[in-house]
Amino acid sequence: MSETSKRNISVLGPNEFTGIKLKKPANYAAGLPAVKVAVQHALKEMGVVKSFRALNQMNQKEGFDCPGCAWPDPEKPSKLGEYCENGVKALSEEATHKRVDKEFFKQYSVEELSRWSDYKIGKSGRLVAPMVLKPGSVHYEPISWGDAYQLIAEELHQLDNPDQAVFYTSGRSSNEAAFLYGLFVRAFGTNNMPDCSNMCHESSGVALSETLGIGKGSVKLEDFDKAEVVMVIGQNPGTNHPRMLSALQKCKENGGKVISINPLEEAGLIRFKNPQEFKGVFSSGAALTDIHLQVKINQDVPLLKLIMKKLLKIEKQDGGVFDHDFIKKYTQGYEDLLVDLEKYTEEELLQLCGVDDKRIIDAVNMLASKKKIIICWAMGLTQHKNGVENIKECVNLLLLKGSLGKPGAGTCPVRGHSNVQGDRTVGIMHHVSPALNKAIINTFGFNPPEKEGLDTVHAIKAMHEGDAKVFVALGGNFLSAASDTEYTAQALQNCNLTVSVSTKLNRTHLVAGKTSLILPTIGRSEVDIKNGKPRFFTVENSMGKVHRSKGLINPASDSLVSEPEIIGGIANAYFKEGHLVPWKKMSEDYDLIREKIEEVIIGFKGLSAKSKGTGFYLPNNVRDLDFSRLPNQKAQFSTCDLPEHVINNGEYLLMTIRSHDQFNTTIYGLDDRYRGIYNERRIVLMNKKDMKKESLEELDVVNLVSYYDGKERKAINFLVISYNIPPGNLASYFPETNVLVPYNHFATKSNTPISKSVIVKVEKQ
Ligand SMILES: Nc1nc2c(c(=O)[nH]1)N[C@H]1C(S)=C(S)[C@@H](COP(=O)(O)OP(=O)(O)OC[C@H]3O[C@@H](n4cnc5c(=O)[nH]c(N)nc54)[C@H](O)[C@@H]3O)O[C@H]1N2
Ligand SMILES: Nc1nc2c(c(=O)[nH]1)N[C@H]1C(S)=C(S)[C@@H](COP(=O)(O)OP(=O)(O)OC[C@H]3O[C@@H](n4cnc5c(=O)[nH]c(N)nc54)[C@H](O)[C@@H]3O)O[C@H]1N2
Ligand SMILES: [Mo]
C-alpha cells in the first residue's frame, strides 16, 4: 500500500447542488451589470483603497499586466481604466486580503479540505508560507525556504535518471521566470516540460507552424480597425476575452462585419455595452454579430468546406473571389484543395454541420467580395481529436482570400493565460529545438538534453505507471485542469514528491504525492522588491508584443519569494553552487536574466530597453509574407478529413466549457450570468428535443457517463437545463466534467485532450 493511500482524500470534492436559479439568457455583454459585479468582487476581496489603487494601474504603461487573459492593451489605454469585469475578478482573487497561513493548515487537514468545493478552497485566500506535507501525514506543516529547496534537490538526486522528473508550467509566469525554469530543467537533464498550452492552443501551434511557418497568430490589434470581416469561431470572448469586444465594436464602427460560428449563441457576441463609454452603458449597446452560424459540435470542418465550395462556385461564375496572385506567389497545394472540395456534396456537408442553409449563403456572399478577413478562434477548435485540422481549414480559407500579411487580415488564435505565449517563446516546451540548444551551449557552456520530453498527457501516463516520480509545477492546478481526473489523481499520488509554486490553494495541493511542497509566490499585481529596488518583468501578449509589467500593491506576505528566486533556490540547492550558470545571482537580478534571453532567444535583442511603454513586436514571418522555412518556401494549403465520431443512439457529444464566473479551475462565483444560470455549476445544457427523447424534464437530476476503451467514467449529479444548443450536443462546465475526458484520447499531432467532444450518455437518477 502506498503511503498516500493512507490519506483519505476526496479527489472530486463534493457534488451537492447549491441552489439553482434560472433566468432568460442575456442578449448583451458588459454594461451596468458588469460594472456592478466587478465592483462587488473588488470591494469584497480587496476593500476600497486597494481596489482603487490596483485598478488604476492595471494594463497601464507603467503598471502591471492583468493576470487574466492574454488580450493585448491598446496603444493608448483608456483613462477610464483598461480592464474588464473578469479582469477585475482575476485581480480580486490575487489581491484578496484573506490568507491561508500556518494556522489554517493546522486547523484543516488535507482530507477535510479535499471535501470542500473548488470555490470554497479558492476563496480561502493567499498562500503565505512554504509548507510541507510529509509521507503519511494529513496536515501541511511549515518548512523553511532553505529546507524546502534542499528536500527538492535530494529527491531529484535520488532519481535513476532526469527523465523521472516532470516540470509543468501554467501560463502566468513571466518571461524571466519561464526562461530560468526552462534553463534549469535542461541543465538538470530532461525536456519533460509539459505546459498548459498542451491542453489549450497546442493544436493552433502545430497547425500554424505546418501551414504558415510560425506557431502564433499574425494579426495586430489595429488590424481589427481595418478588417472587413472578422470570423469568431469556437470562442466566447464576452466571458473569456471581454476586452476583445471593444476591438470588435471598433471594427463594426468602421464598417466591418462579424460572423460567429458556435453551437451556442453567446451573449457577448450578440451585443456589447462598452463600460468605458457613457453611451455604452446607458444605451442599447453595439450589435456585434451580423451572422451567427450555429454549427454542431466539431462540425466546423464540414462547414468551412461548404463555405469554400460555395465561394469556389461564385469564383467560377463571376471571378474575383479568390486572390490568384497571392495563391500563385505565396502558396502551395491549391489544386489539391480544389480536388478535396470536389470529394463532398453540398448536401452532405450541410447535413453534417447542421447550420441553416440561408445563413451560410449570407456568410458566403459576405466573404465573396471581401479581401480583409481575420479569423479568431480558441478552445472550440483546438480541443478535438481533429483540432489541428480544424485550424488548417481556417488557414485554407485565409489563403484562398489572400487574407494574410496585409492590414486588416490574418490569423488570430486568441490565447488563454496572460503569458502562455511568452513562456513558450522563451523555452518552455517538451520538443527539442536544435537552434535553442545551440544557443544554450554557446551562452552557458552546458549541453541540453536532445531527447524529446513528455507533454501533459504523456506526463500523466508516466506518473501513473511509475516512470516519473517527481512532479514540479510552476503555477497552475494540474489535477483539475488535466483530463481524466481520477487517473490523474492516481498519477500525482504515485509520485514521491509533488511541488507547487502557487499563489492560491487548489486541489492539486490536496491530491498530492507522498511528500508535497507548497511554495507561495508573489502575484503579478504585487511589488517585487530586492535590496530596496522594485523589479519589473516582461510578458508577451496574444499578438506577439513584449512589454513590461510591474506590480504595485504590497505582497500578501513578507515571506513570499518571487518565481525566479524560487527557481534559483532549487537550482542552487541541486547544483550546490558548482555549475556554469550563476543561478542565485541571475535569479535575483532580472536584468541578468534578460541579458541572457537577448542572447539565446531570437527577436529579443534590446529587451530591457525596448520593453518600455507599450513594448515591441517579436518577428513574425507571416506579417512579412516570408514562408522560406516551409516546403518550397510556400505557405501550405491542407487537405483535411472530415471529423469522425461513432455516436450511438442515446449518446451525445459533450463540450466542457467555462462559465462566466471562473478562470479555468479558479471559481470566482456560481453565476453564469450571460447564460442565465445562477448559483449553480452542476448543470448540463440540452436541446429540448433531446430532453423529450430521453424523457427528461427541466432541472431533472442526471449523471453523465462516458465509455472509452471498455472503461466507464461517471460524473454524478447534474441538473438538466433546456437550452438553444444543436440536437445531439450537450454543454457542461469544466473542471467538474474533466472526470469524463479519457486521458488517452487526444488530438492528432498536438495531443490536446478532447475536452470539447466527449461522447457521453445521460443517465436519469
Ligand atoms: N474569465 C475568464 N477568462 C479566461 C479564462 C477563464 O476561464 N475565465 N480562461 C483563459 C484560457 S486559459 C483560455 S484557453 C481562454 C478560453 O477561451 P474560450 O475558448 O472562449 O473558452 P471556452 O469556454 O472553453 O469556450 C469555448 C467556446 O467554443 C464553443 N465551442 C465548443 N465546441 C465547439 C465546436 O466544436 N465548434 C465551434 N465552432 N465552437 C465550439 C463553446 O460554445 C464556447 O463558446 O480564455 C482565457 N480567458
Ligand atoms: N475539460 C476541460 N479541461 C480543460 C480546459 C477545458 O476547456 N475543458 N481548458 C484547458 C486550458 S485551455 C488550460 S490553459 C488549462 C489550465 O490549466 P492551469 O493553468 O494548470 O490551471 P489554472 O486553473 O489556470 O491554475 C490556477 C492556479 O494557478 C496558480 N496561480 C495563479 N497565478 C499565479 C502566479 O502568478 N504564479 C504562480 N506560480 N501560480 C499562480 C494558483 O495557485 C491557482 O490555483 O486547463 C485545461 N483544462
Ligand atoms: Mo488555456
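Rundown of residues vs (1) under 25 Å from the mean Cα position of the chain (by Cα); (2) away from ligand 1 (no atom under 16 Å from the Cβ); (3) modelled with pLDDT of 95 or more, yes/no style:
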residue: 665; (1), (2), (3): yes, no, yes
residue: 674; (1), (2), (3): yes, no, no
residue: 678; (1), (2), (3): yes, yes, yes
residue: 681; (1), (2), (3): yes, no, yes
residue: 692; (1), (2), (3): no, yes, yes
residue: 703; (1), (2), (3): no, yes, yes
residue: 709; (1), (2), (3): no, yes, yes
residue: 713; (1), (2), (3): yes, yes, yes
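Of these, 111, 155, which one is more than 17 Å from residue 185 (Cα to Cα) and part of a helix (DSSP H, G or I)? Break it down into steps so the answer makes sense when it comes.
On the way: 155 fails: more than 17 Å from residue 185 (Cα to Cα).
It is 111.
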Completion exercise
Given (1) within 16 Å of ligand 1 (Cβ to nearest atom); (2) under 30 Å from residue 523 (Cα atoms), residue 459 misses just (1)
Exercise for the section: Note down all Cβ pairs under 6 Å where the first residue falls in the stretch 168-180 and is under 14 Å from residue 478 (Cβ atoms) and basic (Lys, Arg), the second is within 16 Å of ligand 1 (Cβ to nearest atom) and not in a loop (DSSP other than H, G, I, E, B), and they're at least six residues apart or on different chains. Expected result: 172/417
Problem - Selection within the stretch 647-697 - assigned to a strand (DSSP E or B), closer than 25 Å to residue 477 by Cα and in contact with a His (Cβ under 8 Å, 6 or more places away or on another chain) - result: 672
Completion exercise
Within the stretch 200-239, restricting to residues that are within 15 Å of ligand 1 (Cβ to nearest atom) and charged (D, E, K, R), the one that is surrounded by the most Cβ atoms within 10 Å (Cβ to Cβ) is 202
Completion exercise
The residue that is nearest to the chain's Cα centre (by Cα), considering only those in the stretch 567-602 that are over 30 Å from residue 144 (Cα atoms) and without any contact (Cβ under 8 Å) to a residue 40 or more places away in the chain, is 598
Exercise for the section: Output the residue which, of all residues in the stretch 200-216 that are within 16 Å of ligand 2 (Cβ to nearest atom) and in contact with a strand residue (DSSP E or B) (Cβ under 6 Å, 6 or more places away or on another chain), is nearest to residue 570 (Cα to Cα). Expected result: 201
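Sort out for me the helices (runs of 4 or more DSSP H) sitting completely within the stretch 376-463 that have 1 or more residues that are of a type in the set (Phe, Trp, Tyr). Working first, answer last.
Working: elements: 379-382, 387-401, 420-425, 434-444.
Counting at least 1 such residues, we get 434-444.
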Exercise for the section: Among the strands (runs of 3 or more DSSP E) lying completely within the stretch 197-306, list those that include at least 1 residues that are within 22 Å of residue 659 (Cα to Cα), in the same structural domain as residue 344 (by TED's automatic domain parsing) and modelled with pLDDT under 95. Expected result: 271-273
Problem - Residue in the stretch 307-329 that is of a type in the set (Phe, Trp, Tyr) and either assigned to a helix (DSSP H, G or I) or closer than 27 Å to residue 217 by Cα (or both) present - result: yes
Practice task
Looking only at the stretch 114-136, count how many residues are out of contact with any His (no Cβ under 9 Å at 6 or more places or on another chain) and part of a strand (DSSP E or B).
Solution key: 1
Completion exercise
Within the stretch 716-758, restricting to residues that are under 20 Å from residue 488 (Cβ atoms) and of a type in the set (Val, Ile, Thr), the one that is surrounded by the fewest Cβ atoms within 10 Å (Cβ to Cβ) is 716
Practice task
Looking at (1) within 16 Å of ligand 3 (Cβ to nearest atom); (2) on the phi < 0 side of the Ramachandran plot, find the lone condition where residue 671 falls short.
Solution key: (1)
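Out of all the residues in the stretch 471-479, is one or more assigned to a helix (DSSP H, G or I) and buried (at least 24 other Cβ atoms within 10 Å of the Cβ)? Give the derivation first.
Step one: of the stretch 471-479, the residues assigned to a helix (DSSP H, G or I) are 478-479.
Cutting the leftovers down to buried (at least 24 other Cβ atoms within 10 Å of the Cβ) gives us 478-479.
Checking the stretch 471-479: at least one residue is assigned to a helix (DSSP H, G or I) and buried (at least 24 other Cβ atoms within 10 Å of the Cβ).
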Handout entry: Where residue 430 falls short, out of the listed (1) within 16 Å of ligand 3 (Cβ to nearest atom); (2) in contact with a His (Cβ under 9 Å, 6 or more places away or on another chain); (3) within 17 Å of residue 192 (Cα to Cα)
Key = (1)
Problem - Count - residues of the stretch 533-561 that are closer than 22 Å to residue 130 by Cβ, surrounded by fewer than 24 Cβ atoms within 10 Å (Cβ to Cβ) and of a type outside the set (A, V, I, L, M) - result: 6
Practice task
Mind counting the residues in the stretch 483-502 that are of a type outside the set (A, V, I, L, M, F, W, C) and within 13 Å of ligand 2 (Cβ to nearest atom)?
Solution key: 6
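When the stretch 145-155 is examined, which residues are found to be more than 11 Å from residue 131 (Cβ to Cβ) and of a type in the set (Gly, Ala, Ser)?
At the first step, the residues of the stretch 145-155 found to be more than 11 Å from residue 131 (Cβ to Cβ) are 145-147, 149-155.
Across the stretch 145-155, the qualifying residues are 146, 153.
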Completion exercise
Pairs returned, first residue in the stretch 503-524 that is farther than 18 Å from residue 120 by Cβ and away from ligand 2 (no atom under 13 Å from the Cβ), second residue that is β-branched (Val, Ile, Thr) and modelled with pLDDT under 95, beta-carbon separation under 8 angstrom, 6 or more apart or interchain, are 512/4; 513/4; 514/4
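Take the residues in the stretch 162-196 that are among the polar types (S, T, N, Q) and within 22 Å of the chain's Cα centre (by Cα); name whichever of them is surrounded by the most Cβ atoms within 10 Å (Cβ to Cβ).
173
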Exercise for the section: Identify all residues within the stretch 3-32 that are surrounded by 15 or more Cβ atoms within 10 Å (Cβ to Cβ) and at pLDDT below 80; write none if there are none. Expected result: 3, 4, 29, 31
Exercise for the section: Return the residue satisfying two criteria in turn: it lies in the stretch 412-439 and is away from ligand 2 (no atom under 11 Å from the Cβ) and of a type in the set (Gly, Ala, Ser), and of such residues it is surrounded by the most Cβ atoms within 10 Å (Cβ to Cβ). Expected result: 422
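The values are calculated or read from the model by the stated rules, or taken from the named source; none is laboratory data. In this text the structure is predicted, and so the values were computed from the model without any measurement. Reconstructed Cβ throughout: ideal geometry from the backbone, glycine too, with neighbour counts over all protein chains shown.
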